[in-house]
Every structure is written in C-alpha cells, then in structure tokens.
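A.B. asks: Have a look at the structure that comes next, please.
Since every read-out is calculated from the coordinates, none of them should be taken as a lab result. Everything quoted here is computed from the prediction, not taken from an experiment. Cβ atoms come from the backbone with ideal geometry, glycine included; neighbour counts cover every protein chain shown.
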Amino acid sequence: MSAVVARLSKCRRRPFPRAADRKRTCRKKRRKLRLSRRLRVYYYYAQGDSVKRTYREEDAIPGYTSRIPRKGKILLANVFVDGMLQAPELYRTAQGELHFLSDQPPPAESRIIAQFIVIRP
C-alpha cells in the first residue's frame, strides 16, 4: 500500500490535482519508463597500434566487457579516440567490427572507446 501512495505522490504537480491530470502525468512517466527499459548501452574498449583500421571484438582490451552490436539495432553510436569524439563519417560499424574510414589509423597506444545505445525488442 505504501508503494502505491509513494507512486501517486510523485505524480502530483499541484497541491490537489484533478484525477484526470494525475492519470495523464502518470501515463507519461510510465511511457518514459517503458522506453528506458528497452534501451541498452554497450561499450567497446581497444587500444590503437597505428597500423590497424579494423577492430573486432577479439581485439578488445581484456578485463572489460566489450561488445559491438549489429548495425540494424544501433540507435546511437559514439566513438572516442584518446577522448576525442569522432565524426560519424570517420568510422563504420558492422556485426562485431569497428572500421575507421580515415586515411590515418588511430595512433599507437591510443585508447579507443565506442559507446552503442541499442533498442531491444
């Protein structure tokens, strides 16, 4: 019972809202909550060697849980090389693969971090 009261108290905006307003705001919060439960964030950590342009899941730094999801499921991808965000035109992702399209590969000993936000069914 206390959980229900706590949930309803979060939905209140005015001291004494009308029942219709309370239902509408709770519906919006539930919709956002459902969407946030469908989103997953995956990370990929690797180290540059100034030669290789294609990085696969097996090239990841050991000790981290690194994964590159399928391209069709990716909602947003951010790739960082030494902390600098790379433009989307400079890389391409595929199933288990991150390929840099620029004429210069990532420098030696540089940290490559890729962040993928994926929508689950």
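A.B. asks: Please go through region 83-121 and write out the GluC sites (Glu not before Pro) that DSSP classes as loop and that have at most 12 other C-beta atoms within 10 Å.
C.D. replies: 109
A.B. asks: Now for a separate question. At 0.36 nm per residue, minus the direct Cα-Cα distance, what do residue 50 and residue 38 gain on full extension? Give it in nm, one decimal, please.
C.D. replies: 0.6 nm
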